[in-house]
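Asker: If you scroll down you'll find the structure; I have some questions about it.
The values are calculated or read from the model by the stated rules, or taken from the named source; none is laboratory data. Bear in mind that the values here come from a model prediction, so they are computed numbers and not experimental data. For neighbour counting, all protein chains shown are included, and Cβ atoms are generated from backbone atoms with ideal geometry for every residue, glycine included. Surface accessibility is based on the protein's heavy atoms, side chains included, excluding ligands, DNA and RNA. Shrake-Rupley method; radii C 1.70, N 1.55, O 1.52, S 1.80 Å.
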Amino acid sequence: MKNILRLFLILTLIFSCSDDKTTDDLSGFAINGRLLAPNGTDPIPNAMVSARSNNTVVAESFTDVQGQYALSLPKGNYELTFTKGKFSGVLQIDVEGAKTNEDALLDILPTIGVVTGHFDHIEHVLLNIGLVDPITQEPLFDIIEGNNFGRPSGAHGHRESLHMSQNKGMMDEILLEPNVDFNFEDLMNDPALLGSYDILFLNCGLNESLEDMGDVLMDYVYNGGILYATDWAAGYLNDITNGGADYMTFYDPEKSGTSLTTTATLLDTTLSDWLELNFDIVLEDTIEIDEFLSSWQVVDSYDTTTTISWLEGEVSYRDSGNNIITETKDLAFTFLHGDGAVFYSSFHTENYDPEFSDVDRIMEFFVFEMSVIQP
């Protein structure tokens with residue numbers, strides 16, 4: 001009888017230990033890593049991370065300001081989906097224990113169009129964050145002629161061959177010709193073609209003769225498009241802003257800004273932390289903005305209930321009497337319109353430096369961030 005009781009106690013202990021191990025497994029293993037831009041270098045903040053097994057979401061989290069994420073997952077096979085607005089990425093993992101440094105790329109891209117301008121080169125930013133075919137070095141976005149209308153159809157080639165810098169992974173040559181067989185005028189006259197783009201960039205210095213077709217862009221945004229415009233492209237936003245009655249009011253006289261640089265105060269902690277922790281380029285939430293034209297478009301005011309201001313700085317501009325006024329003005333904005341959103345800044349990326357400038361970093365942040373701003 002004693003032997004039977006002893007055997008019962010041993011078996012109970014064995015099964016008890018086995019149950020404890022199962023419970024430990026179900027409690028999950030620590031999984032962590034970083035989410036990076038397509039260039040494999042720059043961290044992506046505030047992106048959603050979802051772990052799916054058999055098409056069921058098991059766990060979710062968000063990346064921090066340095067692109068880091070952490071999940072707790074039981075043993076098994078998972079698909080990790082990373083989402084930042086219209087950008088996404090996928091990583092397959094097999095969990096048998098704790099996993100570290102499970103880095104992923106945000107490399108499933110939206111459809112992007114860039115309209116060329118004489119003074120702005122957002123193409124430079126897009127190339128350097130990795131929107132380029134790693135084999136052919138061709139940009140993974142359309143470059144649309146924004147100045148020369150009425151030219152013969154046919155896509156242009158690049159002025160120079162593109163190649164990556166060996167030590168920094170940056171694009172050395174950023175002067176690109178259009179790579180599609182239609183121009184901005186064609187695009188504005190074809191709402192279906194315009195609507196095929198998730199994001200459209202209007203570079204400063206594009207042809208301003210089509211500003212009276214701003215209602216086309218208003219419809220594009222209202223139906224879910226993301227529109228990015230800088231400086232002199234402000235005229236294309238007049239229909240969206242209802243002539244300044246909604247969202248923001250552009251200062252009259254136009255293009256009256258005279259400052260070439262300002263020490264701007266960042267008004268968003270995520271932006272300032274992202275710049276400081278990842279690139280060490282923010283000092284006490286301020287940054288130098290030095291990408292102004294000699295005559296740039298000032299934003300006079302904006303509606304704080306509908307529009308976000310990202311940074312402000314002391315600048316100078318001329319009034320209608322040609323007098324110089326110096327005061328603090330807001331310099332970069334986003335707002336929702338219908339199912340889409342608009343980004344506008346009085347500064348841009350006019351430099352030809354193959355290295356990323358501080359202003360380029362700010363623009364990089366907005367390339368991803370503006371795609372998230374949805375109703």
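Asker: Taking strands (runs of 3 or more DSSP E) that do not extend beyond segment 279-375, which have at least 2 residues that are touching a Phe, Trp or Tyr at 6+ places or on another chain (Cβ under 9 Å), open to solvent by less than 30 Å² (accessible area, probe 1.4 Å) and under 30 Å from residue 198 (Cβ atoms)?
Answerer: The qualifying strands (runs of 3 or more DSSP E) are 307-318, 324-337, 340-345.
Asker: Please state which one of 231, 198 is touching a strand residue (DSSP E or B) at 6+ places or on another chain (Cβ under 6 Å) and acidic (Asp, Glu).
Answerer: Step by step, each of 231, 198 is checked, and only 231 is touching a strand residue (DSSP E or B) at 6+ places or on another chain (Cβ under 6 Å) and acidic (Asp, Glu).
Asker: Collect the residues in segment 62-105 that are farther than 14 Å from residue 48 by Cα, surrounded by 14 or more Cβ atoms within 10 Å (Cβ to Cβ) and either of a type in the set (Lys, Arg) or in contact with an Asp or Glu (Cβ under 7 Å, 6 or more places away or on another chain) (or both), keeping them in residue-number order.
Answerer: Listed by number, the residues that qualify are 74, 93, 99.
Asker: Quick one: which residue in 220, 236 is modelled with pLDDT of 95 or more and either open to solvent by less than 10 Å² (accessible area, probe 1.4 Å) or in a loop (DSSP other than H, G, I, E, B) (or both)?
Answerer: 236
Asker: Are any of the residues in segment 85-92 free of Cβ contacts under 8 Å to residues at least 60 places away in the same chain and among the aromatic types (Phe, Trp, Tyr)?
Answerer: No, there is no match, as no residue in segment 85-92 is free of Cβ contacts under 8 Å to residues at least 60 places away in the same chain and among the aromatic types (Phe, Trp, Tyr).
Asker: Return the residue satisfying two criteria in turn: it lies in segment 196-205 and is more than 16 Å from the chain's Cα centre (by Cα) and surrounded by fewer than 24 Cβ atoms within 10 Å (Cβ to Cβ), and of such residues it is farthest from residue 124 (Cα to Cα). Walk me through how you get there before you give the answer.
Answerer: We begin by selecting, within segment 196-205, every residue more than 16 Å from the chain's Cα centre (by Cα); these are 196, 204-205.
Narrowing further to those that are surrounded by fewer than 24 Cβ atoms within 10 Å (Cβ to Cβ): 196, 205.
Working: 196: 23, 205: 16 Å.
The extreme case among them is 196.
Asker: To continue, here is another question. Filter segment 106-123 down to residues that are touching a Pro at 6+ places or on another chain (Cβ under 8 Å) and surrounded by 20 or more Cβ atoms within 10 Å (Cβ to Cβ) and give me whichever is farthest from residue 217 (Cα to Cα). Step through it out loud before you land on a result.
Answerer: Taking segment 106-123 and keeping what is touching a Pro at 6+ places or on another chain (Cβ under 8 Å), we get 106-107, 109, 116, 123.
Checking which are surrounded by 20 or more Cβ atoms within 10 Å (Cβ to Cβ) leaves us with 106, 116, 123.
Numbers: 106: 28, 116: 16, 123: 21 Å.
Only one residue fits best here, namely 106.
Asker: Looking at (1) among the polar types (S, T, N, Q); (2) more than 14 Å from residue 37 (Cα to Cα); (3) out of contact with any Phe, Trp or Tyr (no Cβ under 7 Å at 6 or more places or on another chain), which is the one condition that is false for residue 83?
Answerer: Condition (2) is where residue 83 drops out.
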